[in-house]
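Accompanying notes for the structure given below.
The values are calculated or read from the model by the stated rules, or taken from the named source; none is laboratory data. Since we're looking at a predicted model, the values are computed, not measured. Backbone-built Cβ (ideal geometry, glycine too); neighbour counts: all protein chains shown.
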Ligand SMILES: NC(=O)c1ccc[n+]([C@@H]2O[C@H](COP(=O)([O-])OP(=O)(O)OC[C@H]3O[C@@H](n4cnc5c(N)ncnc54)[C@H](OP(=O)(O)O)[C@@H]3O)[C@@H](O)[C@H]2O)c1
């Protein structure tokens, strides 16, 4: 069985921590990011495994297609869709190019890469897709005073897609996980000029530990910083209850006469 993992956003933070851990476990790697020097540095530091570097920009259709082609043709045992940007801003003030970049990197890229990888993994009978989202996926009901300016930071989409896809692929040998860290000590916030160094943060390495342990536990939604897993079960049970409660009859509160 091949042990070949493709990790996007492998030049820093969580993606780099995945790459380090997977190399230590003997996986060959395809590493994606825009900063080619960092990818090459990683490859040079890990001669014990085969590292292919792919300098691609996942905010463009060309970049996504280039990586998707690799996902479709290489015998991946693991795909980690991790690349991400934040651009926290009120939606009306978010420049169109930044909104487009966010949607491409956070939504289009994971969708297209997963789509490209999945049938090959199915044919080989075994493999895993990890989509990195975030605890913001749970933050929809939070008031603006608690979670401002994040409407397009689309953790929620990766979250919903991964859960549904996991069910869709049940019994095929393809496992899907959505990884939802809280605040992590990486370059993520400083790259948009936010200093979170005073905020208690999890390490990227611990996030990777949670992901890999979550796979052993069979968890689809992995929340590394949530101690009580029953809280997650309660969210999913409430989602299902609301979904199951729908009916073709107009609900009383919407009737005007
Ligand atoms: N840090 C947190 O607090 C936190 C919390 C929850 C979820 N997350 C999620 O975790 C993931 C990893 O973030 P991180 O915290 O490790 O941040 P990071 O250190 O800033 O890493 C982000 C990675 O994404 C890559 N990337 C960004 N835009 C790209 C593009 N257009 N094309 C290709 N690669 C691109 C970057 O590589 P290049 O710049 O070299 O292209 C970098 O390797 C993100 O999806 C983020 O949303 C982070």
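Some points to look at:
- Some residue of segment 37-50 being touching a residue at least 12 places away in the same chain (Cβ under 8 Å), within 9 Å of the ligand (Cβ to nearest atom) and crowded, with 21+ Cβ neighbours inside 10 Å: yes
- Considering residues of segment 188-205 that are surrounded by fewer than 17 Cβ atoms within 10 Å (Cβ to Cβ) and in a helix (DSSP H, G or I) only, the residue farthest from the ligand (Cβ to nearest atom): 205
- Matching residues in segment 58-94 - criterion: being out of contact with any strand residue (DSSP E or B) (no Cβ under 8 Å at 6 or more places or on another chain), surrounded by fewer than 18 Cβ atoms within 10 Å (Cβ to Cβ) and at pLDDT 95 or above: 60, 61, 62, 65, 69, 72, 73
- Check on residue 140, outside any helix (DSSP H, G or I) and within 14 Å of the ligand (Cβ to nearest atom): no
- Screening 114, 172 for residues that are assigned to a loop (DSSP other than H, G, I, E, B) and touching a residue at least 12 places away in the same chain (Cβ under 8 Å) leaves exactly one candidate, 172.
- All positions within segment 206-257 that are assigned to a loop (DSSP other than H, G, I, E, B), under 19 Å from residue 164 (Cβ atoms) and touching a residue at least 24 places away in the same chain (Cβ under 8 Å): 219, 220, 223
- Sole residue being within 15 Å of the chain's Cα centre (by Cα) and surrounded by fewer than 16 Cβ atoms within 10 Å (Cβ to Cβ), chosen from 124, 100, 115: 115
- Of all residues making up segment 18-36, the number that are near the ligand (Cβ under 8 Å from one of its atoms) and surrounded by 24 or more Cβ atoms within 10 Å (Cβ to Cβ): 2
- Meets criteria (under 22 Å from residue 80 (Cβ atoms), part of a loop (DSSP other than H, G, I, E, B) and modelled with pLDDT under 95) for residue 159: no
- Selected residue (criterion: surrounded by the most Cβ atoms within 10 Å (Cβ to Cβ)) from residues of segment 2-17 that are assigned to a helix (DSSP H, G or I) and near the ligand (Cβ under 6 Å from one of its atoms): 14
- Criterion (in contact with a helix residue (DSSP H, G or I) (Cβ under 7 Å, 6 or more places away or on another chain), assigned to a loop (DSSP other than H, G, I, E, B) and within 18 Å of residue 27 (Cβ to Cβ)) met by exactly one of 49, 85, 80, 130: 49
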